[in-house]
1. Determine, from the Cβ-Cβ distance of K527 and V122 and an R0 of 60 Å, the FRET efficiency 1/(1 + (r/R0)^6), rounded to the nearest 0.05.
2. Taking amide H positions as placed in the peptide plane 1.01 Å from N, state which residues far from Y76 in sequence (5 or more) or on other chains have amide H under 5 Å from it.
3. List, in the order given, every pair from K312/K421; K421/K478; K231/K399; K232/K576 whose Cα-Cα distance in the structure shown is over 21 Å.
4. Just to compare against my own numbers: the Cα pair-distance distribution for region 312-383, 10 Å bins, whole % per bin, please.
5. Mind checking the full-extension length gain between K337 and I553? Use 0.36 nm per residue of separation minus the Cα-Cα distance, one decimal, nm.
6. Students often check this: by mean Cβ neighbours within 10 Å, which of 560-567, 215-222, 576-583 ranks highest, and how do the rest follow?
7. Quote the FRET efficiency, to the nearest 0.05, computed for N575 versus N111 with a Förster distance R0 of 51 Å and r equal to the Cβ-Cβ distance.
8. Which entries in the list K107/K539; K107/K180; K92/K342 go over 24 Å, if you measure between the two C-alpha atoms of each?
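No value in this document is a laboratory result; all are computed from the given coordinates. Being a predicted model, the structure only gives us computed values, none of them experimental. Heads up, the Cβs are rebuilt from the backbone with ideal geometry, glycines too, and the neighbour counts pull from every protein chain shown.
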Amino acid sequence: MYLYLSLYLDKIADEVQAKKFLEEYNNTAEGVWNAYTEASWAYNTDINEENKQNMLQKNLDMSVHTLAYGIEARKYDTTDFQDGSVKRILKKLSDIERAGLPDEELKEYNNLLANMETKYSVAQVCRANGTCHPLDPDLQQIMAESRDYNELLFAWQGWRNASGRELRQDYKRYVQLANKAATLNGHSDNGAFWRSLYETPTFEEDLEHLWKELEPLYLNVHAYVRRSLYKKYGGKHINVRGPIPAHLLGNMWAQTWSGIMDLAIPYPDATQVDATPAMIAKGWNATRMFQESDNFFTSLGLLPMPPEFWAKSMLEKPKDGRNVVCHASAWDFYNRKDFRIKQCTVITMDDLITVHHEMGHVQYFLQYKDQPISFREGANPGFHEAIGDVLALSVATPKHLKEIGLLDSTINYLMSIALDKIAFLPFGYLMDQWRWKVFDGRISEEEYNKEWWNMRMKYQGLCPPVARTEQDFDPGAKFHIPANVPYVRYFVSFIIQFQFHQALCNAAGHVGPLHECDIYRSKEAGKLLGDVMKVGFSKPWPETMAMITGKPIMSAKPLVEYFKPLTDWLEAENNKNGEVRGWPEYDWKPQSRCDSVDFACGFDSSNVVPPWTQTKQPLSINQMYLHQQMSQSAYTETQPKTPKTKQCRCRRTVARTNSLELLEPRKKPSEEPGSEGWPVLIWLCRWRL
């Protein structure tokens with residue numbers, strides 16, 4: 001009610017009064033936001049009901065504060081105000097976000113978010129022997145290090161059963177409430193609100209243009225990696241003209257592929273660009289990794305981490321049995337002195353890069369800490385994600401790794417970076433493409449999972465390794481979905497960090513290829529970066545972009561330049577091997593152990609959809625999805641008791657004779673290896689194999 005009444009109040013045009021109001025808001029907001037952040041930190045580092053309830057109460061207190069000052073901010077007519085900062089803050093305060101919901105719905109909304117993040121954070125995948133694996137570090141390690149197809153499938157499918165599937169109903173209600181909050185603030189839906197944070201009317205079109213500019217590079221990486229996986233897993237699991245099974249790329253979400261560098265390395269006999277063995281050999285621990293990152297920042301003349309950081313951060317997973325949210329994050333406590341990182345750090349090169357990423361957030365906090373609280377944000381969400389990654393581009397260079405005693409070779413460097421940066425681009429793009437369509441209704445509740453895999457096929461050229469249905473909720477198996485964190489910021493970051501890198505390299509006086517630049521110890525580069533961070537959100541992001549790059553736009557050109565030597569090499573290598581760019585045989589799917597049950601159950605799923613359709617367009621896999629759904633009506637495939645066994649049963653139970661049992665196995669033919677746990681199915685249906 002207050003929200004609607006505020007639209008009809010008499011407007012105030014007194015700029016002096018507005019400034020006094022904003023001063024009061026800034027002073028009170030620091031205390032309220034600090035109290036909520038402390039409560040949220042306590043819950044994230046010790047998940048229990050008491051901490052949860054305290055966090056929810058502090059969240060409500062913050063909403064009450066936001067609502068009161070938001071209504072007041074809407075009273076001001078800023079048309080003739082001279083101070084642009086005053087106008088900018090009042091506009092920002094006027095959007096009160098979730099605080100506009102009625103009290104009961106606000107409580108429900110907050111509870112939904114807390115419950116979804118809790119379910120995600122405590123989820124585990126258990127084996128028949130009682131051994132249970134959390135995501136961090138167990139399942140992450142399996143996905144990165146195992147090369148056993150079925151072990152990877154066990155982890156991939158088990159995580160989605162334990163996390164995403166459990167969140168589906170909560171997410172439906174979350175979408176309704178998020179949309180209601182957005183419309184109460186004048187947005188058409190929650191996706192429109194998220195996009196408004198970029199203050200760019202052509203934001204969607206700009207992103208699509210950037211993606212189309214970079215898509216050829218991604219297709220070359222995809223084709224090369226697909227061939228590498230074919231060499232490892234063979235034609236049974238990899239089709240060199242089709243999509244890649246999503247569990248084989250070294251990462252639980254196939255968002256980055258650096259985990260399979262050993263399979264995709266261009267020159268296997270050369271030294272890999274991986275400092276992990278050297279870090280372990282030198283006895284590095286989590287604290288040492290953060291100290292090394294701090295040293296990098298201070299070498300540029302930037303600010304060191306304050307004492308509170310070292311005293312209060314959670315840099316490792318606790319060993320006292322507490323449940324924690326392991327997903328790495330940086331925290332601003334809004335008192336201008338307390339900044340922390342929460343990370344379950346593992347001693348690897350990948351985590352060293354993550355450490356620099358999170359330390360970049362904290363450096364940003366430190367630089368803009370004296371801005372009004374409304375301006376203590378990045379110029380846009382992508383800027384905040386880019387700062388740490390810019391430094392990581394220098395950290396990962398062979399020159400820098402050699403300087404800090406971790407590496408002696410430069411060979412294969414660009415491929416290692418491409419498996420992280422280029423492989424990520426379509427995933428970073430599609431995550432919010434999916435959510436925007438959910439929010440505006442283009443994707444219905446009944447098609448959440450189908451459209452998720454449509455997009456993963458369209459943009460990434462990936463397919464699920466086992467059939468998926470609408471009982472599954474695979475988007476929810478990624479932290480940012482239940483945690484309500486917009487994701488396109490990472491796509492933006494992966495573009496603009498190369499613009500920043502080029503500008504900082506120029507400031508450092510670098511001469512030579514962009515991928516060889518290391519800004520370590522350059523005070524000139526550090527000053528330029530620090531000046532940009534100090535601005536925070538006080539100016540529209542194009543102005544801040546121009547401060548560092550000289551141009552007020554996002555551009556893919558520095559990224560293309562950075563990878564030019566690798567692009568030329570990939571083009572020649574793929575041409576030599578006759579690789580197809582793309583996935584024209586998009587309706588192909590990898591063999592599953594239960595595929596042969598269709599025939600044994602008296603159901604021939606190959607008749608549902610012809611194996612090859614007339615239109616070979618990789619933009620939609622609706623027919624493949626229908627094929628999978630109808631196939632699953634004939635049988636059920638349960639979570640394996642161990643990675644190398646699978647249980648397959650007919651769904652029909654009209655008569656006992658119609659139930660497919662795992663009978664006493666006949667002697668297995670020697671030419672059919674790897675069929676432990678299901679020899680009868682192989683013997684009955686070997687024609688399908």
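1. Step by step, r from the Cβ atoms, then E = 0.85.
2. I12
3. Correct reply: K312/K421; K231/K399.
4. All Cα pairs considered, the percentages come to 18, 45, 29, 8.
5. Between K337 and I553, full extension yields an extra 74.4 nm.
6. In descending order of packing, they fall as 215-222, 560-567, 576-583.
7. 0.35
8. Listed pairs above 24 Å: K107/K539; K92/K342.
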